[in-house]
Amino acid sequence: SSAGWSPVFVDAPNDGELGVMSVGFMLPDDDNAVVWRGPRKNGLIKQFLTEVDWGDLDALVIDTPPGTSDEHISIAQYLKLADLSGAVVVTTPQEVSMQDVRKELNFCAKAKIPVLGIVENMARLVAPMSSMTFADRATGEDRTAAVLAALRAADPTLLGLDASVDVFSCADAASSPRSMAAAFGTRHLGALPLDPELQRACDAGRSLVDEFPKAAACAPFQAVVDALLAALPDRDGAAAG
C-alpha cells in the first residue's frame with residue numbers, strides 16, 4: 001500500500017489480530033533457502049522496521065535466530081532510540097544450549113538490552129499414559145498391549161494420567177536454567193514441557209490455549225505469559241509486577 005508493506009494478519013481468538021511479517025512470505029516456495037550475506041539481511045531488517053505498515057500495536061515481537069550474529073547486532077542498533085522493553089531468552093535445559101544462551105545474555109548486557117527473563121523450553125516430555133508404547137529392553141519385543149491391559153486391570157484411572165521424563169536434562173540444579181537466570185540477575189519466567197499437543201498446535205498454526213485447553217503445556221504456557229506481562233516495564237520504566 002501507499003503506507004508501506006502490509007503484514008499478514010491472523011485472527012487471534014478473543015484477542016483481536018496478530019500481524020506477521022517474514023522473509024518467507026517473499027519466497028516462491030516454502031522450502032527455498034535464503035542465501036544472503038550480512039548487508040542484504042541487514043537491509044531487509046531495516047525495511048521490516050521502517051517500511052511495514054504495522055498500524056497501532058500493543059507490542060512488536062521480533063523472533064531472532066539463536067546466537068549473536070549480524071541480525072542481533074542490526075536489531076540492537078536500529079532499535080537503540082526506540083522504547084525497547086527488553087529481550088526474552090529461550091533455552092533448553094542441557095548445557096550445550098545454555099552455553100549459547102550465556103553468550104546471548106552477555107551480548108544483551110553489552111548492547112544495553114534489558115533481559116525480561118529466561119524461558120525454559122522442552123523441560124520434560126509429557127504425554128498421556130494411554131499414548132505410550134512399551135518394549136522389552138532385552139529383546140525389543142513390543143509389550144504395549146500387555147502393559148496397558150495390566151494397568152487397566154489394576155486401576156483403570158492410571159490410563160488417564162500423564163507420564164513425564166527428562167529428555168534434555170542438566171547435570172544438577174546448580175547448572176539449570178533457573179540457576180543460570182539467578183546468576184545473571186534475571187527472571188526465570190517458567191518451564192514449558194515437550195508436549196505433543198503443543199507441537200501439533202505450532203505445526204497447524206493454532207492457538208494452544210483456545211484449541212488445546214487440556215494440553216499438558218497449556219497451564220505452564222499461560223504461566224509464562226503471565227510472568228512476562230508482569231516483567232514488562234510500565235510507562236515509567238518500572239516493571240509492572
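The values are calculated or read from the model by the stated rules, or taken from the named source; none is laboratory data. The structure displayed is predicted, hence computed values, not measured ones. Glycine also receives a Cβ, built like all others from the backbone with ideal geometry; neighbour counts cover every protein chain displayed. These area figures cover heavy atoms from the full protein model, side chains too; ligands, DNA and RNA do not enter into them. Shrake-Rupley method; radii C 1.70, N 1.55, O 1.52, S 1.80 Å.
Calculated mean residue ellipticity at 222 nm for the chain: -10000 deg cm²/dmol, from DSSP H runs with n ≥ 4 weighted as -39500 (n - 2.57), summed, divided by the residue count and rounded to 500. Take the Cα of D100, step 7 Å toward its Cβ, do the same at I62, and the gap between the two points is 1.9 nm. Element breakdown for the chain at a 1.4 angstrom probe: carbon and sulfur atoms account for 54% of the accessible area. Loop-located trypsin sites (Lys or Arg not before Pro) in the range 144-237 (DSSP state not H, G, I, E or B) with no more than 16 neighbouring Cβ atoms inside 10 Å: R206, K214, R235. In straight-distance terms, cross-link reach from K80 covers every one of the lysines whose alpha-carbon lies under 18 Å from its own, apart from those fewer than eight places away in the same chain; here that gives K46, K110, K112.
Do any trypsin sites (Lys or Arg not before Pro) in the range 1-96 lie in a DSSP loop with no more than 12 other beta carbon atoms within 10 Å, and if so, which?
The qualifying sites are R37, K80.
Working out 0.36 nm times the residue gap between V34 and W5, then minus their Cα-Cα distance, what length gain in nm do you get to one decimal? Don't jump to the answer; show the numbers that get you there.
Details: separation 29, 0.36 × 29 = 10.44 nm, distance 1.96 nm.
The span from V34 to W5 would gain 8.5 nm if fully extended.
Between K112 and D234, 0.36 nm times their residue separation minus their Cα-Cα distance comes to what?
42.1 nm
Here the range 64-129 is treated as an ellipsoid with the same Cα gyration tensor; its semi-axes, largest first and in whole Å, are 27, 13, 10.
Counting only protein heavy atoms and a 1.4 Å probe, the chain has 66 square angstrom of accessible area per residue.
The mean of 1/r over all distinct Cα pairs in the chain, once inverted, gives the Kirkwood hydrodynamic radius of 21.0 Å.
With contacts taken as Cα pairs under 8 Å at a separation of at least 6 residues, the chain carries a relative contact order of 17 percent.
Two decimals is fine: what is log10 I(q)/I(0) at q = 0.11, 0.15, 0.22 Å⁻¹ for the range 1-125, from a Debye sum with one equal scatterer on every Cα and no solvent? Scattering profile of the range 1-125, log10 relative to I(0): -0.48, -0.90, -1.43.
Placing a label point 7 Å from the Cα of Q199 along the Cα-to-Cβ direction, the residues of the range 114-143 whose backbone N falls under 17 Å from that point are 121-134. With the biggest extent put first, the Cα atoms of the range 149-211 measure 50, 33, 16 Å across the principal axes. The longest stretch of the chain left intact once loop-based GluC sites (Glu not before Pro) with at most 15 other Cβ atoms within 10 Å are removed from consideration, loops following DSSP, is 142-241.
Separation of the range 24-44 and the range 68-147, taken as the distance between their Cα centroids, equals 24 angstrom.
Tell me the relative contact order for the range 1-87 as a rounded percent, counting alpha carbon contacts under 8 Å between residues six or more apart.
Details: 46 pairs, mean separation 26.7, N = 87.
The normalised contact order for the range 1-87 reaches 31 percent.
Volume of the convex hull of the range 22-78 (Cα atoms only), normalised per residue: 112 Å³.
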